[in-house]
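What follows is one structure encoded as structure tokens, with my remarks underneath.
The values are calculated or read from the model by the stated rules, or taken from the named source; none is laboratory data. Fair warning: this is a prediction, and the values are worked out from it, not measured in the lab. Methodologically, a virtual Cβ is constructed for each residue, glycine included, from the backbone with ideal geometry; neighbour enumeration extends over all protein chains shown. Remember, those area values only see protein heavy atoms, side chains included, never the ligands or the DNA or RNA. Shrake-Rupley method; radii C 1.70, N 1.55, O 1.52, S 1.80 Å.
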Amino acid sequence: MIKHDLVKEILISETQIKRRISQLAVEVKKSYPNLKKPLVLIGILRGCLFFLSDFMMELSLSCAVDFMYVESYAGGKARAFDPRIKLDIFTNIKDHDVLIVEDIIDSGRTLVKLVEHLKLKQPKSIKILTLLDKKVRREVEIEADWFGFEVPDSFLVGYGLDYQEQLRNLPYIAIADLEKIKKLEANQKTLVNSIN
């Protein structure tokens, strides 16, 4: 596996991710033995894309999919104070079982807002699935019903996780090399200034 130049350490390999997703699909299916209506998977954009897609392919249940976009980061590493819903679901989830699908949970503030919002739509149930759980950063009382991996308090990229919309397409989860990224950004600014 070739490590990207802006990666300090590969934390979870592509193989480990795929294996764990297969296990999660089995675990989730067991929790819905008498499903009367399709399970509604709600992916939280944009980071969920890889995980949601791979998870759906493994899940042998009748399901529908929809998406929400919540602005909780102001770009880079800075976190906005109040998560704001920028795109709501179009699916009617009244009396449906709902599974929120996240790439990572850290403070939990975004999820609290999402759950409160979705409860107003009167689903039968709401459960949470996340690939990564950064428990050390939790600021509110909320936990995932299922998680793939517990991760350290590092800035992670790959498999949907980004640094300023870059590095999402790495097939593994990695710790970003922030020193290299800062140097690269400084060099790019210098180059732009010299051209202008």
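Observations
- FRET efficiency, 1/(1 + (r/R0)^6) with R0 22 Å, evaluated for Glu116 and Leu35 via beta carbons: 0.35
- Cα-centred dipole magnitude for the chain, charges only on beta-carbon of K, R (+1) and D, E (-1), debye, nearest 20: 200
- Antiparallel bridge percentage (DSSP; both residues within the chain; nearest 5): 35
- Relative to the longest principal axis of the Cα atoms of the chain, the long axis of helix 109-119 lies at roughly 30 degrees.
- Sites Gln164 and Asp5 - FRET efficiency at Förster radius 25 Å, r taken between beta-carbons, to 0.05: 0.95
- Sorting the Cα pairs of segment 89-132 by distance into bins of 5 Å, from 0 upward, gives 6, 20, 33, 23, 13, 5 percent per bin.
- Placing a pseudo-label 7 Å from each Cα along the Cα-to-Cβ vector at Asp82 and Gln23 gives an inter-label distance of 4.0 nm.
- The fraction of accessible area contributed by carbon and sulfur in the chain is 52 percent, rounded to a whole number (1.4 Å probe; ligands and nucleic acids excluded).
- Computed over the chain, the P(r) curve from all C-alpha pair distances, binned at 10 Å from the origin, holds 8, 34, 34, 16, 6, 2, 0 percent per bin.
- Unit charges at the beta carbon, dipole of segment 1-147: most positive-side option, Cys63, Pro33, Ala144: Pro33
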